[in-house]
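Working notes for the structure below.
Nothing in this text is a laboratory measurement; each read-out follows from the coordinates by a stated rule. A quick note: this is a predicted structure, and the numbers were derived from the prediction, not measured. Positions of Cβ are backbone-derived with ideal geometry, glycine not excepted, and every protein chain shown enters the neighbour counts.
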Amino acid sequence: MVWLILRVLHKNILYHAKVINPGWRQNAAKTVMKWRQNTRSFATNNGSAGDDWEHSHEKDAPTAGKYKSPWKIHKDKYEGLDAAVSENEIPKETDILIIGGGVIGSSVAYWIKQQNPKASSITVIERDPVYTRASSMLSCGGIRHQFSVPENVQLSMFGSKFLTNIKQHLSVLHESLPDVQFTPQGYLFLATSSGVEQLSTNVTMQQELGAKVVLLTKKQIQEKYPWLNLEGVECGSLGLEGEGWFDPWSLVRGFKQKNISMGAKYVHGELISFEFRSLGTSDDQELRLDSAVIRTTGGRECEVKFSLVINCAGPWAAEVAEMANIGTGKGALAVPLPVEPRKRYVYVTHCPDGPMLDCPFVIDYSGVYFRREGLGGNYICGSSPASEADEPKIDNFEVDYNFYEESIWPVMAHRAPCFNNSRSNLPGPAITITMSLTRIL
């Protein structure tokens with residue numbers, strides 16, 4: 001290829017030199033020799049010039065399998081077509097900046113982009129691209145329609161419909177279809193005699209909104225789930241359709257893959273601060289957010305200008321809001337964002353004799369919950385602290401094993417006697433613990 005280019009250049013040089021310069025032979029020979037020397041030094045793999053060229057073009061090469069040929073790469077770069085941008089590349093300006101690339105941030109980016117992918121540029125900032133401390137990944141992945149607030153019921157019903165048709169929503173050309181492993185086993189809420197009225201009221205409201213939820217008597221629950229011990233239980237509510245659990249990681253991956261295909265940019269970095277633009281007065285409320293300072297993994301700080309910023313930082317949303325003077329300013333800005341992180345333990349226990357395919361997501365009236373995880377006799381379980389005073393510290397990810405032994409396992413073993421064997425069936429610790437940081441409004 002290089003030789004062919006040189007031949008063409010040689011002919012053009014000879015043609016123009018012959019017409020313009022009488023000493024064209026000598027000048028043409030010098031020009032061709034100079035081109036050959038420069039080309040050799042630039043394309044070599046051993047010289048420093050060749051290494052510089054190679055490293056300078058590494059960022060132009062997309063991930064393996066994204067394109068079929070190098071011509072597609074050059075077409076995207078030089079003809080202005082959108083291509084997936086490396087997470088290390090931070091744009092200087094964007095229409096919409098989203099702080100947080102978990103399931104909420106990625107969902108926001110999707111719903112904006114799917115209206116019109118070309119209408120606005122979107123940049124998503126995520127400081128933990130493997131989501132080791134994201135509540136999206138550390139949650140139980142449950143979805144239910146059984147809420148006491150109508151808006152929550154409607155939102156969840158919409159979410160269930162989205163998960164059911166996720167292959168249509170998040171499919172990407174030349175990529176495998178998304179599969180979030182949605183398991184529609186339903187939620188089973190158990191109530192005592194004092195909770196019957198409230199549970200009945202909730203079910204009536206849910207049914208009026210279109211949720212497929214039924215109120216079951218103690219006898220009906222026993223007939224449907226004979227492995228349950230219903231001592232102290234008066235009734236229960238069961239979701240028949242659209243409730244269950246899914247794989248949060250697969251959902252976030254599907255959103256991210258779809259968003260990138262529509263032109264959204266994901267940046268691996270951390271928000272450091274906001275820059276403000278004055279509207280001509282000294283009042284804090286007359287200041288407008290103008291840009292964000294992002295620190296990359298390499299320590300480089302970049303400023304990104306935006307027209308709109310969306311706070312999707314999950315448990316850390318209050319910290320982001322404070323950077324924008326929310327909670328520290330005057331007037332309406334004096335009110336802080338009512339979100340704070342809470343640490344929760346999710347335990348995984350193995351019980352080969354436990355309930356299998358007919359096991360719903362059981363919520364005991366004590367607050368203890370459990371559900372099946374896969375088909376290998378594994379179950380996840382947990383509970384919220386009994387009081388505000390029992391809330392664990394959030395400055396670390398240390399695990400409280402005693403909480404399982406003292407508060408979770410006794411309730412599970414009482415409610416489902418088959419879990420009496422869930423602690424001694426493996427050589428060594430029978431539980432694995434993760435933690436979730438949840439948003440409290």
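How long is the gain from SER120 to GLU93 if the chain were fully straight, where each residue apart is worth 0.36 nm and the alpha carbon distance is subtracted?
Here the segment from SER120 to GLU93 would lengthen by 8.6 nm.
Normalized C-alpha radius of gyration of region 184-237, against 2.2 N^0.38 Å?
So the Cα radius of gyration is 1.12 times the expected 2.2 N^0.38 Å.
Using 0.36 nm times the number of residues separating VAL335 and THR296, minus their current alpha carbon distance, what extension gain do you get?
11.0 nm
Check which residues have an amide H placed less than 5 Å from GLY269's amide H, if you skip close sequence neighbours.
Here GLU126, ARG127 satisfy the definition.
Starting at the first residue of region 196-204, write each ³J(HN,Hα) from the Karplus equation 6.51 cos²θ - 1.76 cosθ + 1.60 with θ = phi - 60°, in whole Hz, x for Gly and Pro.
5, 4, 5, 5, 5, 5, 4, 5, 4
Less than 15 Å Cβ to Cβ from ILE221, Lys/Arg counted +1 and Asp/Glu -1: what total charge do the surrounding residues give?
-1
Based on Cα coordinates alone, diagonalise the gyration tensor for region 104-234, multiply each eigenvalue by 5, take square roots, and list the semi-axes in whole Å, largest first.
Rounded to whole Å, the semi-axes are 37, 17, 15.
Can you give the net charge of the other residues whose Cβ lies under 9 Å from the Cβ of LYS212, counting K and R as +1 and D and E as -1?
-2
Sort the following peptides by mean Cβ neighbour count (other Cβ atoms within 10 Å, averaged over residues), highest first: 410-418, 300-308.
410-418, 300-308
Once phi is turned into ³J(HN,Hα) by the Karplus curve 6.51 cos²θ - 1.76 cosθ + 1.60 with θ = phi - 60°, what whole-Hz value does each residue of region 238-243 show in order, with x for glycine and proline?
Each residue's phi maps through the Karplus curve to give 10, x, 8, 8, x, 9 Hz.
Tell me which trypsin sites (Lys or Arg not before Pro) from region 215-270 have a DSSP coil assignment and no more than 15 other beta carbons within 10 Å of their own.
none
Which value in nm describes the separation of the simple spin-label points at SER307 and HIS414, placed 7 Å from the Cα toward the beta carbon?
Calculated label separation equals 5.9 nm.
In terms of modelled amide H atoms, which long-range or inter-chain residues lie less than 5 Å from the amide H of CYS235?
ALA191
Say R0 is 56 Å: what FRET efficiency, to the nearest 0.05, do PHE276 and THR201 get from their beta-carbon distance?
0.75
Across 5 Å bins from the origin, how do the percents of Cα pairs in region 273-343 run, short distances first?
4, 15, 21, 24, 20, 11, 5, 1, 0
Go ahead and run the numbers for FRET between ASP400 and SER171, Cβ-Cβ distance against an R0 of 41 Å, rounding to 0.05.
Here the calculated transfer efficiency is 0.45.
Full-extension gain between ASP358 and ASP390, please, as 0.36 nm times their residue separation minus the C-alpha to C-alpha distance.
8.2 nm
Taking the Cα centre of each part, how many Å lie between region 347-362 and region 153-229?
18
Karplus couplings for region 108-113 from phi (6.51 cos²θ - 1.76 cosθ + 1.60, θ = phi - 60°), rounded to Hz, Gly and Pro as x?
Result, rounded to whole Hz: 4, 4, 5, 5, 6, 5.
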